[in-house]
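Okay, structure first, notes after.
The values are calculated or read from the model by the stated rules, or taken from the named source; none is laboratory data. Computed from a predicted model, the values in this text were never measured in an experiment. Cβ placement follows ideal geometry from the backbone for every residue including glycine, while neighbour counts extend to all protein chains displayed.
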Amino acid sequence: MVPIQDLSQAQRGAGVAERVIVLEPGRAERNYWRDLWHYRELFLILAWRDVAVRYKQTVIGVAWALIRPFLTMVVFTIVFGRLANLPSEGQAPYPVMVFAGLMPWFLFASVLGDASASVVGNAHLISKVYFPRLVIPTATAVVALVDFGINFIVLALIMAWYGFLPGWQVVFLPAFVLLAILASFGPALWITALNVKYRDFRFLVPFIVQFGLYVSPVGFSSSVVPEEWRLLYSLNPMVGVIDGFRWCLLGGQSSLYWPGFLISLGIVVLFLWIGIRNFRATERTFADML
Amino acid sequence: MSDVVILAEGLGKKYLIGHQIESASYHTLRDVIGSTVGSFVRSARDMIRGRQLIAGDQIEEFWALRDVNFEIGRGEIFGLIGRNGAGKSTLLKILARITEPSAGRVAIKGRVASLLEVGTGFHGELSGRENVYLNGAILGMSRAEITRKFDAIVAFAEVEKFIDTPVKRYSSGMYVRLAFAVAAHLEPEILVVDEVLAVGDIEFQKKCLGKMQDVAGQGRTVLFVSHNMAAVAALTQAAIVLDAGRIALIGPTEEAMKTYRALADASAGPENRRSWGHGRHTCIRGVRLLNDDGMPTGQYIAGKPFKVEIEVETDGSRGVSCELLIADQSTRTRIALASLHNFGGSMLPSAPGVYRLLMSFSPFHLAAGRYVIDLGTSIVHQSWDHCVEAAISFEVPFSNPAGLPWNFRHSAEMGAVALPFARPTVIESIPDGMAAAAVYTEKVVPCSLA
């Protein structure tokens, strides 16, 4: 029998372009990221599938992407702006401020919700074909981005209604969209991996989303948080993301609280690291546990 | 073979399985609460340590695959055979990188595509066209590659007319053909085929076998897994026989099939022989349905010879016949009779002993469905001796004497046996038949035969 080493040496010697894959227990895949790049078309097509079937067999279809954030904005404006009489950011109209915070929040919530259910939902794929499993939860972000794009139109309409124009800061928006996605990937990947093993997390996610909506500065400005608590408050990574969005969209009416923003950024990176690490560590056993 | 493409060394796969202990002390509420709390505490502990949750009171290791060593060279068509649970699927899953081995390792040169995932990822809401792209991407094809092969795939699947219809409206045959067509155009270095030939009509199966031979002809390696010994014999030169997770033999297909048969016989022997009591003079000790190759089977392929092996013990009484009846499994309606004495003209020997009766019947076209075999011994023209109802059950997966796609199912209540046409039907015009047309205008009587 030819030893494994000889097999790979033989092919190197012969200059064959074929790759030798060695499968053994606990082996970290060296070509993982290259593999992931190789499967980029699968990523796109899975994303496209999710987008294509999302509003099939619904009566009002894509209008759902408009109605949910719009009604939430109306309720938050009334509850926080009128009844609680909380201040807006500078001179920005309250609904505009709320909507600027709702957009990243909905992005976060739908990535978290869709991604964490995605692996279990695609069990039939995972138990039958190999591909880097990271493709599945990350592809769900595209659906969330499509909804996000639709929300953006709503925001533009609301801004036009109030005659409010964003400033030059708006050019940084793509960076903050990316940040919002990364902020959601961390916990999403972690929970996705855990959800395969322990389905308890299926019940935890709706709770996080519901709870997070109120502890994050969505319906109110983070400037209402007392100065001495703001650093602590920024431990919630969504605080940094939402503040960033408002800084971009509210054209100088909102100022970025840098120490807090950097802390949020750090938490985002930390979660992302934990999430990817956990996901990578368990993905090889997904097929056995589904 | 110097050009090895798959090399496995000491490959093993372990699963943890839980057992439920059946205990008599679980009767009181307190016991139930106690055990529930106990298992909750254990689950919580497992979760904190990041271990898998397994239901049951006792956990046992189970090696689905153990110490498996083999090598397969480029361009070889290898068979992989073994009984259910022998570890075939586990081995395929490891090779396809779906699950990782627990021990040993395997080196694979080139892209592996497995046809065990026919139709994987098909989405009912999407059209045939969209599903070809989706499925192709899942199997690892690039967009450009799919576009290039698209027409060939659709032509192979014979679904040109419906390519823009959502696949949820497809018949199951169309669905499977399209799915197989995508997989068949994958052009991997190593192709793993698992029992896909059980799908589709005869024409399509032939097409699939032809496609596999093409693949092997292009210097690709094929690993073919099947229970269909005829197909394995026709396609492969060498085979691996797995038994209880270990390799029983690697060798030429003929030798491998002998080993497989020996293993099947050993297991279908004494332990499968159930006790059904006995009559006054005789005792039916066992019965097996055999396929065309003489292998025990749970399926009868309509149109093949029907073979049954019965083991009977007799005290040597004279004039003992054996009767075999086929009945519908759910309704128990009897639909066929075979009588050793009345139809076969023979009897059990009149010397005491245990006899094996191998009954072979001409091919017939039983409708698709599930059936049982009732057995009985009788003292000819006097009395029944030992009767066993529903001794074994078997399934007819598909029935159509012409090999056309429509499946004649017994459950359709249109009979249990198909009448094959001996020659094409003669259809001719009757010159004064025009008068009949007037009849249809009067009154149409609603009717249905089903």
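Among the residues of region B:307-323, is there at least one that is out of contact with any helix residue (DSSP H, G or I) (no Cβ under 9 Å at 6 or more places or on another chain) and over 20 Å from B:Gly279 (Cβ atoms)?
For region B:307-323, residues out of contact with any helix residue (DSSP H, G or I) (no Cβ under 9 Å at 6 or more places or on another chain) and over 20 Å from B:Gly279 (Cβ atoms): present.
Can you report the number of residues in region B:202-251 which are touching a helix residue (DSSP H, G or I) at 6+ places or on another chain (Cβ under 8 Å), surrounded by fewer than 15 Cβ atoms within 10 Å (Cβ to Cβ) and of a type in the set (S, T, N, Q)?
So the answer is 2.
B:Ile108 - would you say it is within 8 Å of chain A (Cβ to nearest Cβ), out of contact with any helix residue (DSSP H, G or I) (no Cβ under 6 Å at 6 or more places or on another chain) and closer than 20 Å to B:Leu191 by Cα?
So B:Ile108 fits the description; yes.
Assess whether A:Val170 counts as being over 23 Å from A:Leu290 (Cβ atoms), at pLDDT 90 or above and surrounded by 13 or more Cβ atoms within 10 Å (Cβ to Cβ).
no
Count, please, the residues in region A:54-76 that happen to be closer than 18 Å to A:Leu145 by Cβ and touching a helix residue (DSSP H, G or I) at 6+ places or on another chain (Cβ under 7 Å).
Looking only at that region, the number is 6.
Being at the interface with another protein chain (Cβ under 7 Å from one of its Cβ atoms) and not β-branched (Val, Ile, Thr) is the filter; apply it to region A:114-130 and report the residue that is farthest from the chain's Cα centre (by Cα).
A:Lys128
Criterion first (buried (at least 17 other Cβ atoms within 10 Å of the Cβ) and touching a Gly at 6+ places or on another chain (Cβ under 7 Å)) does B:Glu313 satisfy it?
no
Just checking, which of B:Ser127, B:Ser102 is surrounded by fewer than 20 Cβ atoms within 10 Å (Cβ to Cβ) and either more than 22 Å from B:Val215 (Cα to Cα) or touching a Gly at 6+ places or on another chain (Cβ under 6 Å) (or both)?
B:Ser127
Spot the failing condition for A:Ile242; the list is (1) surrounded by fewer than 19 Cβ atoms within 10 Å (Cβ to Cβ); (2) more than 14 Å from chain B (Cβ to nearest Cβ), and only one is missed.
Here A:Ile242 meets the rest and fails (1).
Cβ-Cβ under 9 Å, sequence separation 6+ or interchain: first residue in region B:35-50 and over 18 Å from A:Met289 (Cβ atoms) and surrounded by 15 or more Cβ atoms within 10 Å (Cβ to Cβ), partner of a type in the set (Phe, Trp, Tyr) and modelled with pLDDT under 75. Which pairs?
From residues that are over 18 Å from A:Met289 (Cβ atoms) and surrounded by 15 or more Cβ atoms within 10 Å (Cβ to Cβ), the pairs are B:Ser35/B:Tyr26.
Determine which member of the set B:Ala152, B:Ala113, B:Ala183 is more than 12 Å from every other protein chain (Cβ to nearest Cβ) and of a type outside the set (D, E, K, R).
So the residue among B:Ala152, B:Ala113, B:Ala183 that is more than 12 Å from every other protein chain (Cβ to nearest Cβ) and of a type outside the set (D, E, K, R) is B:Ala152.
Return yes or no: is B:Phe78 more than 7 Å from chain A (Cβ to nearest Cβ), closer than 12 Å to B:Ile190 by Cα and part of a strand (DSSP E or B)?
Considered against the rule, which asks whether it is more than 7 Å from chain A (Cβ to nearest Cβ), closer than 12 Å to B:Ile190 by Cα and part of a strand (DSSP E or B), B:Phe78 comes out as yes.
Condition first: more than 7 Å from every other protein chain (Cβ to nearest Cβ), modelled with pLDDT under 85 and closer than 28 Å to B:Lys88 by Cβ. Now tell me which residues in region B:116-139 satisfy that.
If the condition is that a residue be more than 7 Å from every other protein chain (Cβ to nearest Cβ), modelled with pLDDT under 85 and closer than 28 Å to B:Lys88 by Cβ, then B:Val118, B:Gly119, B:Phe122 are the ones that fit.
Just the residues that are touching a Ser or Thr at 6+ places or on another chain (Cβ under 8 Å) and away from chain B (no Cβ under 12 Å), please, taken from region A:30-70.
A:Trp64 - this is the single residue of region A:30-70 that is touching a Ser or Thr at 6+ places or on another chain (Cβ under 8 Å) and away from chain B (no Cβ under 12 Å).
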